[in-house]
Amino acid sequence: MTYSRIWVADTGPLVAAVDRADRAHAAVVALLNDRSHRIVIPALCVAEACYIIGGKHGPKVEAQFLNGLRTAEVVAPEPDDWPRIAEIVRQYSDFPLGGADASIVALAERLDTDTIITLDHRHFATIRPRHCESFRLLPE
């Protein structure tokens, strides 16, 4: 098991890292800059973050965000991830849990990690992944 050696980042922390006024800004910046762990960002979360950042802060800030990803490990879903992503969306349709969040779960399962950097503790605490009992959610 590689639990906690790899952290998967959700959209909310990416957005909060850009917005100094966000109450979670300092905590998520510290986590995202922690080099003692491999931090992986699902490509669908980058797309979702761009939509939110661009809408809230404009194209200049969105471009700065994108430029900042040059050293990040952004991972696209693999072909076998798509059916699992669809299954998770169906399974948690009452949340609702969308494709970006489902891609986080699928990626965490594929990478065998239990740790997610997220501001959405309510939903991710409820999800039951296949590879571990529950997710460890940061910031705590």
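No value in this document is a laboratory result; all are computed from the given coordinates. Predicted model, so just to flag it, every value in this text is computed and none were measured. Every residue, glycine as well, gets a Cβ built from its backbone with ideal geometry; the counts of neighbours run over all protein chains shown.
I want the local charge near TRP82. Using Cβ-Cβ distances under 14 Å, sum +1 for each Lys or Arg and -1 for each Asp or Glu among the other residues.
Numbers: positive: ARG84, ARG90, ARG110; negative: GLU78, ASP80, ASP81, GLU87, GLU109.
Net local charge, TRP82 excluded: -2.
Evaluate the distance, in nm, between pseudo-label points positioned 7 Å from the Cα of ARG38 and of GLU73 along their respective Cα→Cβ axes.
A separation of 0.4 nm, rounded to one decimal place.
Of the listed values [x] 0.97; [y] 0.94; [z] 1.06, grab the one calculated as Rg/Rh (Cα atoms, Kirkwood Rh) from the structure here.
[y]
Within a 10 angstrom radius of the beta carbon, how do PHE95, PHE65 rank from fewest other beta carbons to most? Don't skip to the answer; put the middle values down first.
Working: PHE95 14, PHE65 20.
In increasing order of surrounding Cβ atoms, one gets PHE95, PHE65.
Specify the angular offset, from 0 to 90 degrees and rounded to the nearest 10, of the alpha carbon long axis of helix 43-57 from the longest principal axis of the alpha carbons in the chain.
Tilt of helix 43-57: around 30 degrees.
What angle do you read, to the nearest 10 degrees and between 0 and 90, between the alpha-carbon axis of helix 81-91 and the longest principal axis of the chain?
80 degrees
Run the simple label-point estimate for ALA47 and HIS25 please: 7 Å along Cα→C-beta, distance reported in nm.
2.9 nm
Assuming 0.36 nm per residue, please report the length gained on full extension of the stretch ARG90 to HIS121 beyond their Cα-Cα distance. Walk me through the numbers on the way to the answer.
Working: separation 31, 0.36 × 31 = 11.16 nm, distance 1.96 nm.
Extra length from ARG90 to HIS121 when fully extended: 9.2 nm.
Tell me whether segment 33-80 comes out rounded, prolate or oblate; compute the Cα gyration tensor, take square roots of the eigenvalues as a ≥ b ≥ c, and use a/c under 1.5 as the rounded threshold. Present the calculation step by step, with values, prior to reporting the outcome.
Values: a/c = 2.61, a/b = 1.37, b/c = 1.91.
Oblate shape, in that a/c is at least 1.5 and b/c is the bigger or equal ratio.
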